[in-house]
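Structure first, then comments.
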Amino acid sequence: MTQDNHNEIDLSLMDEIFTQYRHQAGALIPVLQKAQETYGYLPPDVLQLIARQLKIPLSKVYGVATFYAQFYLERRGRHILRLCDGTACHVKGTPILLTSLEDHFHLQPGETSEDNELTVEIVYCLGSCALAPVAVFDGKVMGRMKQNVLLNTIKKKTDIN
Amino acid sequence: MSGLKDIVDGTREIALAMGVTLKTLITEAPVTVEYPDEPMAIYPRFRGRHELRRYENGMERCIGCCLCEAACPTGAIYVEAEENDPAKPLSPGERHARIYEINLLRCIFCGDCEKACPTEAIVLGHIIDLADYDRHDFLLDKQALLNPPTPNTIIRPDA
Amino acid sequence: MSDWITITIDGKEIKAKKGELLTAAAKRGGIEIPVFCSHPKLDPLGACRMCLVEAETRRGKALITACTTPVNDGAVYYYNSERARDARQGTLELILINHPLDCPICDKGGECPLQDQTLEHGPGHSHFWEEKTHKTKHYPLSDLIMLDQERCIVCWRCIRYLQEWEDKPQLGLFHRGGETVIDKFPAGKFDAATSGSVIDICPVGALTNRLSRFSYRPWELDKTDSICTHCGQGCNLRIDSRSHRVRRNVARENPAVNDEWICDKGRFATGFSYHPERLQQPLARMNGKLEPVSWQEAIQQIVAGLQNVSKEHGPEAVGALGSAKLSNEANYLLGKFMRGMVGSNNVDYREGSAVLADPRGLPALGDVHDADLIVLMGADPSEEMPVLANFIKRAAKRRGVKLIIVHPRRIELSRYPGIHLAPMPGQEVDLFDALTRASLQAGGEAIPGWLPAEDGAWNTEDVRAAGQWLAQAQKPFIVYGADYAWGFGARDIVTALSNWAVAAGHDDRLGFLHAQANAQGAGDVGLLPNQLPGRRPLSDDEARSAIEALWQTRLPRQPGLGYGGMMAAAASGHLKAMIIMGADPVGEKPSDAAALDKLEFLVVQDLFLTETAIRADVVLPAASYVESEGSFTNTERRLQRAPRAVKPMAKSVPDWAILMHLAQAYWGELPASWQTLTIAAVFAEITRAVPQYAGMSWENMGAEGRQWQRSALEVGRELRSHDPGFDPTDRKYPFHLIIGNQLWDQGTTFAATTEMAHLGVMAARLHPSDAVRLQVTAGDRIRMHSGTGEITAPVVLDDSISPNSVFVPFSFLQAPVGELFDRFGQRTAVAISKVSN
């Protein structure tokens, strides 16, 4: 996953994707997926480029990108923390974890830290209720999460201030 | 002989009747109201001069929807709406009445405007002395309606 | 009758057309199936589920969407069954879960399909008491259209309109489920020229008119079926007014003219009729200043002024200008007054004798719907006639019709497949000669000797293909526009392009696109210096005696002066008095002011105190077209009524009525031949003066207008030789001047709609490569000067402009392009320099 911290986006990275899908009809969703793999999210310039290249109205491209939860239209952090707030986790203290994230990193669910290090998301049930409360940090599931463990993990694995 | 009997009976009947008068004169208060020196008693649901109401925070209730105008059977109401200036809204929401006029000479005080109003802005109040010297004075504009001489806060339960 | 089949709805047999949709078939049988997403002019979609009915299928009864189901013979449907009713009720309840109950402040309230259908089919209650979803309520999509996302019921109509008709898919549905919103791409544009149509077709109050917002409730409007007079298409619309003020315009269906659409200019530009700067009363010059006077006084002054000039210098010292924006009646009576009473043939209008239009205009607008090739020469429908442009887009997109565009700019329509040829001004004839040759060759016909040799600059693959396409087309739609029909060299261009049509065997399909509402009609009724009513030449003795008998007067025989001739004669002192009705020569070309200042007497009747009017001796306040009655003849010769919608502002009077008063005062009393006191009577007289209009009457024009027969006027076309082209540029003046109409301009009536005045980008347009060469950037001011004049304007970089040329729009107050016209007319060349700040 390549990511740049500049606001400028290197659109030439899309060339390869377009070459791959040029002759394939209905390739919008795979192209969007590849683009998201490349940039981490779908910047407006990329959506416009996709619309132009695939000759699909921009309004339709944007409609598809907003329809599916898998696509992100805003820049996401280098690291992603998912906290479960399903019934079991909620009862077992996810709200406390959220408060501590807010206190320490000024991050609310759905937000990305200013230095692009961390994105916090809420999910509803990961199917591991026995381990409640559950956090998933960069794809790794961590059960029975406690405040200090969570904060330490974040501090250790990210460069967040 | 019957003539004498008539006189006696008649006198008795008159005396009885005058007795009732005398009794009422002494025991009951007069019912005539010395209007306008004395105030008239007005029933709560009486429909007099209209007024436009405000919310407690001073906002106008009227949103200029013109439903009163549509309901009015005599065409006595004229409303022109306008968009609120977001910085200085006159009413909650996006819309208020720029012009609101009621022609009292046309109004038949039926209260349909009140029934039609979705925000209970227009109500018929308790002012009944509506005589005037100039025809133009019977045209109530928005300011006159918003600032009635005696505000009426009664909302009719069936309104 | 094989096309007719029988279906059964609720046990009732209904005759239906084979293949039509169940909604349409049911309607014919008297059953109105409720719909939201379905619209007769849009493709079926089946998104809202409001039209659910039960159908008998092989697997038993099933719910289907009536709006997407083509009927089959013998099919059985149940509209009123309990299950169908339940389904529709449930759909409505679902739609209403998140629909806000702000009907009292919604502009749609009172004419809202959702309200009506809730009343008729709704459950009357809701299972939901939770807070409704909140979305953006006050969302201006553009300067003209307001969006309320909460009210949207996701029917896709607006999105489909923009896709299917405008081919500008700027709106989309974003997100999912209850959070779905209609929106444009963030920071995207919403600028289609007919974007307002989405207001008409929105079944709820989600898309509303921002200019007329909150200024009416539908039930209190006075509705007048009328037409639009902003361009020559003559789209049908309805003027909705209240207390004698126009509140809004909505489209009216007329399949032959505008289908069901109008452009944003026609819809939103209504402000001119109640503009506070409208003339309120007559003005007359007293001690050098224009002072208010009574109508009687004004008319007396005019009569005295005109009679003085006529007596001293002869009637030919008097001239009159009418207007292609005014009705047939006004222009007819102006011609009748000038010829019959004053005795002068000096009558014209801006688009009149100077424009070499086909006197029959366009064969028919509807031809575009089944054309197999579209040829546009010097016309830009996207800016001049947006609704026609939509028809062309649809033909190109849906039926794959190719476009041949001959235009110096890459106009919007050139994005469709076809051929774009961009001759610079002066070179047009060479291109048309090459096309003529190509078409003749394709048809295997002899090449006349006067056609220039084949080795010209236009000996290209594209030209050969275009010539071949036209020669092989069966039903081409061929139009040329005003750009190629007036000014220096226009006669040669029109001859050359007619040659092409003749060579391809389609001369009967060649038509002219009038940009002005009544440019066709003003000529038909005879407001031309060399023609009598009915487009008959002045020398036609039979026509002359017919008109003389009708008007009971003698007509002058000497051909009069045209628009340009009158201006020149005024400047040289030969023309002494003028009546100018609804025209503003000075506004278009400020240097003409000197000519008008030399006149002894000038009368102007107009809506506003224009640059021309401030020079007048008497100014008469005219009523606008919404305040007066009149008929207009559009570019396909269709006569349509524009009845009075509101009463005239202040003391203004309709133009035709002003002329009646003038005639009465001029003659001392109203002569017998002028006893036409109503618009219907004036029109009746016109039908007797103009043979093509025979048989029509004010009443029988009807709601959809009446077209006069193209065959009533013969125009003989044959291959004709002409003068060669030219190149106006040289080292001193290296840039070609390209002019043209812009939809959002600064014309009188449009500029007076103040809310829209900022919409147009009024600027000179340059190709980026030229900008680099001239070292100018967007926003700089440039000075353009030709041999005769100069103008300055801000610059916009635009790669649709050809290199070595500069585009300046008409009706540009800051930069009146008329100043640049020189010995090459508008086909001139200019030098450009940057204006230093």
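The values are calculated or read from the model by the stated rules, or taken from the named source; none is laboratory data. Predicted model, so just to flag it, every value in this text is computed and none were measured. Cβ: placed from backbone, ideal geometry, glycine included. Neighbour counts: every protein chain shown.
Couple of notes before you dig in:
- Every condition in (1) surrounded by fewer than 17 Cβ atoms within 10 Å (Cβ to Cβ); (2) closer than 29 Å to C:I201 by Cβ is met by C:C37 except one, and the failing one is (1).
- Residues (polar (S, T, N, Q) and at pLDDT below 95) located in the range C:500-526: C:Q516
- Residue list for the range C:700-731, filter: closer than 30 Å to C:S833 by Cα and touching a residue at least 40 places away in the same chain (Cβ under 8 Å): C:G725, C:F726, C:D727, C:P728, C:T729, C:D730
- Every test in (1) within 13 Å of chain B (Cβ to nearest Cβ); (2) more than 14 Å from C:F268 (Cβ to Cβ); (3) in contact with a helix residue (DSSP H, G or I) (Cβ under 7 Å, 6 or more places away or on another chain) is passed by C:P218 save one, and that test is (3).
- A:P133 vs. criteria outside the structural domain of A:V61 (by TED's automatic domain parsing) and either within 18 Å of the chain's Cα centre (by Cα) or assigned to a loop (DSSP other than H, G, I, E, B) (or both): yes
- Note on the range C:90-196: enclosed strands (runs of 3 or more DSSP E) holding 2 or more residues that are away from chain A (no Cβ under 14 Å) and closer than 28 Å to C:T753 by Cβ are C:145-147.
- Considering (1) without any contact (Cβ under 8 Å) to a residue 12 or more places away in the chain; (2) of a type in the set (A, V, I, L, M); (3) within 29 Å of B:E83 (Cα to Cα), the lone condition that C:M286 does not fulfil carries the number (3).
- Matching residues, the range C:321-342, being more than 19 Å from the chain's Cα centre (by Cα), over 13 Å from C:T676 (Cα atoms) and aliphatic (A, V, I, L, M): C:L321, C:L334, C:M338, C:M341, C:V342
- Of all residues in the range B:77-109 being of a type in the set (F, W, Y) and in contact with a helix residue (DSSP H, G or I) (Cβ under 7 Å, 6 or more places away or on another chain), the one that is surrounded by the most Cβ atoms within 10 Å (Cβ to Cβ): B:Y100
- Flag for C:D348 being surrounded by 18 or more Cβ atoms within 10 Å (Cβ to Cβ), charged (D, E, K, R), closer than 25 Å to C:A485 by Cβ and touching a Pro at 6+ places or on another chain (Cβ under 7 Å): yes
- Looking only at residues of the range C:615-657 that are of a type in the set (A, V, I, L, M, F, W, C) and in a strand (DSSP E or B), we find that the one that is farthest from the chain's Cα centre (by Cα) is C:V618.
- Some residue of the range B:126-137 being within 17 Å of B:E56 (Cα to Cα), under 20 Å from the mean Cα position of the chain (by Cα), more than 14 Å from every other protein chain (Cβ to nearest Cβ) and surrounded by 14 or more Cβ atoms within 10 Å (Cβ to Cβ): no
- Note on the range C:626-651: residues that are within 15 Å of C:D606 (Cβ to Cβ), in contact with a Lys or Arg (Cβ under 7 Å, 6 or more places away or on another chain) and not aliphatic (A, V, I, L, M) total 2.
- Spans of strands (runs of 3 or more DSSP E) in the range C:209-312 with at least 1 residues more than 25 Å from C:G110 (Cβ to Cβ) and more than 34 Å from the chain's Cα centre (by Cα): C:283-286, C:289-292
- Checking the stated criteria, C:S697 turns out not to satisfy the condition of being free of Cβ contacts under 8 Å to residues at least 12 places away in the same chain and over 30 Å from C:H407 (Cβ atoms).
- Strands (runs of 3 or more DSSP E) fully within the range B:1-120 counting 3 or more residues that are within 22 Å of B:D132 (Cβ to Cβ): B:50-52, B:95-103
- The range A:86-115 - residue that is of a type in the set (S, T, N, Q) and crowded, with 18+ Cβ neighbours inside 10 Å and, of those, farthest from A:R75 (Cα to Cα): A:T94
- Filtering the range C:571-588 for residues that are modelled with pLDDT under 95 and of a type in the set (D, E) leaves a non-empty set.
- Residues in the range A:102-116 that are touching a residue at least 40 places away in the same chain (Cβ under 8 Å) and over 13 Å from A:I154 (Cα atoms): A:D115, A:N116.
- Looking at the range C:1-89, the strands (runs of 3 or more DSSP E) lying wholly inside it that each contain 3 or more residues that are without any contact (Cβ under 8 Å) to a residue 60 or more places away in the chain sit at C:12-17, C:52-57, C:60-65.
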